[in-house]
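The values are calculated or read from the model by the stated rules, or taken from the named source; none is laboratory data. Since this is a predicted model, take the numbers as computed values, not measurements. Neighbour counts run over all protein chains shown; Cβ positions are idealised from the backbone, glycine included.
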Amino acid sequence: NIERTLVLIKPDGVRRGLTGEILRRIEAKGYALAALTLRSADDELLAAHYAEHEGKPFYAPLVEFMKSGPVVAAVVEGHRVIEGFRSLAGATDPTGALPGTIRGDLGRDWGLKVQQNLVHGSDSPESAVREIGLWFPGS
Ligand code: CMP
């Protein structure tokens, strides 16, 4: 069963010029890009996207970070891509993320309040549908 997932290249990834490298890894794994855009996220979009994290200590720094520059949003398609992209991305904390993963190879702790971990990927089929609807309304 073909799935779709929402991938974000966060502002740290775009700022560091890693967009091509990250998209290359997704395509090299064999997944297809079904939609792709560069945009700046506003408070309304981020509040909806990160609703489950509201109230956590890193929520405000996370929203500020996500507004600090443009984000690349993509719909990525393939069999079991939700699990597959999370495996490509590696663990949330880039310090411990395994080498070979996007976060493990390209990310690290910069001593900031929020984990700047380069990418986001939907964590379940329900999240994927919800997040694709937020970032690509009308798709
Ligand atoms: P993501 O999985 O895309 O969604 C939540 C984000 O919050 C996560 O990536 C990190 O960027 C950030 N985050 C999650 N947990 C922490 C934490 N304990 N401290 C700081 N930032 C975090």
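Worth a mention:
Every residue, every condition in (1) at negative phi; (2) without any contact (Cβ under 8 Å) to a residue 24 or more places away in the chain, yes or no:
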| residue | (1), (2) |
| --- | --- |
| VAL7 | yes, no |
| GLU27 | yes, yes |
| GLY30 | no, no |
| LEU33 | yes, no |
| THR37 | yes, no |
| SER40 | yes, no |
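- Single match in ALA28, ALA34, ALA47 (criterion: more than 21 Å from GLU126 (Cβ to Cβ), more than 14 Å from the chain's Cα centre (by Cα) and among the small types (Gly, Ala, Ser)): ALA28
- The residue that is nearest to the ligand (Cβ to nearest atom), among those in the range 93-128 that are β-branched (Val, Ile, Thr) and surrounded by 13 or more Cβ atoms within 10 Å (Cβ to Cβ), is VAL114.
- Annotation: of all residues in the range 75-90 being touching a residue at least 60 places away in the same chain (Cβ under 8 Å) and assigned to a helix (DSSP H, G or I), the one that is farthest from the ligand (Cβ to nearest atom) is VAL81.
- Of residues in the range 11-47 being surrounded by 14 or more Cβ atoms within 10 Å (Cβ to Cβ) and acidic (Asp, Glu), the one nearest to GLU77 (Cα to Cα): GLU21
- The number of residues in the range 80-104 being of a type in the set (Asp, Glu) and within 19 Å of VAL114 (Cβ to Cβ) comes to 1.
- Only one of the numbered conditions (1) more than 16 Å from the ligand (Cβ to nearest atom); (2) buried (at least 17 other Cβ atoms within 10 Å of the Cβ); (3) within 17 Å of ILE102 (Cα to Cα) is not met by VAL7, and that is (1).
- Residues that are outside any loop (DSSP other than H, G, I, E, B) and either polar (S, T, N, Q) or closer than 16 Å to SER122 by Cα (or both), drawn from the range 91-107: THR101, ILE102, ARG103
- Candidate set from the range 107-127 (those that are aliphatic (A, V, I, L, M) and under 17 Å from VAL71 (Cα atoms)); member that is modelled with the lowest pLDDT: VAL114
- Scan of the range 48-74 for residues that are of a type outside the set (Lys, Arg), more than 8 Å from the ligand (Cβ to nearest atom), surrounded by 13 or more Cβ atoms within 10 Å (Cβ to Cβ) and assigned to a loop (DSSP other than H, G, I, E, B), ordered by number: SER68, GLY69, PRO70
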